[in-house]
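First comes the structure, then the notes that go with it.
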């Protein structure tokens, strides 16, 4: 590298050093030799050559593939979980059930699964049943629907009684049903209370009446 | 003389134009290879390729034109070199046996000459301390400013300035000694 071609950094270095012009010239020659060390263009490797040709780096491809795989797995898992919970619309539920049938370990049921006595299937169908049941049959269970109700209500007061405050309507109903068995409370109160089961605030006046009586 | 790295070349390289990418490589690779060799890398060619493997995919995100690309390239080169030094230090955990130690036969100057071929400038640089050499090479080969050099080395500008001054004075001193016998 000639003096005329010396990079700006070299001139800055010499200016910072504050030496005489002869010393600066000698140093400029030395630094020119240093700059002359950069004369050999190394042969690019295959990967670098591919990048120089404008190719997408292999690492990026792998990363993109990995990201796509993770996103796909998450989407599949989310869809199968939602299908397992029977929370998808009907056609989508069937599609997911067919698609995940051979992949997912737990079976995904198609739309409208038969309502067994198991807890998960009964939860969505539970609200309509109480309104029809208490008016006809206070205690004896003739059909399967009241049997389901009793199955739900009987184990609850024993095991997780205080741990379920989230559903005040059902909670109050359970207490009243258990109270009805033992106390001499007139029967008309029970259907009233069960009819007002939807409103949580109505159960308190009923308790108050009972206490007064 | 290697071609200069211009903002136009960098702009074309950012657009993945093969001709601009090749021009960028031809402008930068010799300086990076020389820096790595001058610092004593045992695999300067391989590290140079690693630098470009890291640099080229990042071109779109680099700001500052040619200066920015040059600074990043030497930053990567410096980091890879530090990694190599650390690997080298870790690999010397075997029990020491003087008979098997070949290093006593090679001074830094001899090693540089053997690796890079005999040249006066190589012999001159071998007299510098490692950090002095790094500052001189980064500033001359990379055409980097004091601030950029300080950032790459993780030092203050004042410290780099001091290293640069001592390095230049050492070069001048040894150059004078070199010229006296002749």
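The values are calculated or read from the model by the stated rules, or taken from the named source; none is laboratory data. Given the structure is predicted, the values throughout are model-derived calculations rather than measurements. Here the Cβ positions follow ideal geometry from the backbone for every residue, glycine too, while neighbour counts run over all protein chains shown.
Tally up the residues in the range B:8-42 that are in a loop (DSSP other than H, G, I, E, B) and surrounded by fewer than 17 Cβ atoms within 10 Å (Cβ to Cβ), please.
Total meeting the criteria: 3.
If residue B:74 meets every condition in (1) under 14 Å from residue A:48 (Cβ atoms); (2) in contact (Cβ under 8 Å) with a residue 24 or more places away in the chain; (3) touching a helix residue (DSSP H, G or I) at 6+ places or on another chain (Cβ under 8 Å) apart from one, which number is that one?
Every condition holds for residue B:74 apart from (1).
Looking only at the range B:6-24, how many residues end up being within 29 Å of residue A:32 (Cα to Cα) and within 11 Å of another protein chain (Cβ to nearest Cβ)?
Total meeting the criteria: 7.
For the range A:51-61, state whether one or more residues are within 14 Å of chain B (Cβ to nearest Cβ), assigned to a helix (DSSP H, G or I) and modelled with pLDDT of 75 or more.
Scanning the range A:51-61, I find at least one residue that is within 14 Å of chain B (Cβ to nearest Cβ), assigned to a helix (DSSP H, G or I) and modelled with pLDDT of 75 or more, so the answer is yes.
Of the residues that sit in the range B:143-152 and are crowded, with 18+ Cβ neighbours inside 10 Å and more than 12 Å from chain A (Cβ to nearest Cβ), which one is farthest from residue B:6 (Cα to Cα)?
By that ranking, first place goes to B:150.
Yes or no: residue A:34 at pLDDT 75 or above, part of a helix (DSSP H, G or I), out of contact with any strand residue (DSSP E or B) (no Cβ under 7 Å at 6 or more places or on another chain) and more than 9 Å from every other protein chain (Cβ to nearest Cβ)?
no
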